[in-house]
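See structure below.
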Amino acid sequence: MSGPDGIAWARKLAAQEGIFCGISAGATFAAAIKTAETAEPGSVILCMLPDTGERYLSTPLFEGIAEEMTEEEMELAVSV
């Protein structure tokens, strides 16, 4: 999978599933999704995400994401 696909899926995993992963994990997941699209019904597909997003904080993966939390995000963070 391409770098842009990995970035796009890593962002989707974070936004939709709360999974903080890196670019290679996003690419791995993109490949699993592509495989699932043509898999036989009832197939089981295992996808292991090999890294976290921590190493990618200064890369294009996090471009355009604010460094500070919004008030709503802060309230959510302390509500646990």
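Values in this text are rule-based calculations from the coordinates and carry no lab data. The shown structure was predicted, so the numbers you read here are calculated from the model rather than taken from an experiment. Cβ: placed from backbone, ideal geometry, glycine included. Neighbour counts: every protein chain shown.
Sort Leu57, Leu46 so that the residue with the fewest other Cβ atoms within 10 Å of its own Cβ comes first and the one with the most comes last.
Ascending Cβ contact count within 10 Å gives the list Leu46, Leu57.
List Arg11, Arg55 from most exposed to least, where exposure is judged by having the fewest other Cβ atoms within 10 Å.
Going from least to most buried by this count: Arg55, Arg11.
Taking θ = phi - 60°, what integer Hz values does the Karplus form 6.51 cos²θ - 1.76 cosθ + 1.60 yield along the stretch 40-52, in sequence order, with x for Gly and Pro?
For the stretch 40-52, the Karplus-derived couplings read 4, x, x, 5, 10, 10, 9, 10, 9, 8, x, 7, 10 Hz, x marking Gly and Pro.
If each residue's Cβ is checked for other Cβ atoms within 10 Å, how do Lys34, Lys12 rank with the fewest at the top?
Listing Lys34, Lys12 from fewest to most nearby Cβ atoms yields Lys34, Lys12.
Report the rotationally averaged projected area of the chain based on its alpha-carbon convex hull, in square nanometres.
If you wrap the Cα atoms of the chain in a convex hull and average its projections, you get 6.7 nm².
Once phi is turned into θ = phi - 60°, what whole-Hz ³J(HN,Hα) does the Karplus curve with 6.51, -1.76 and 1.60 give for every residue of the stretch 13-26, x standing for Gly and Pro?
4, 5, 6, 9, 10, x, 9, 8, 10, x, 5, 5, 5, x
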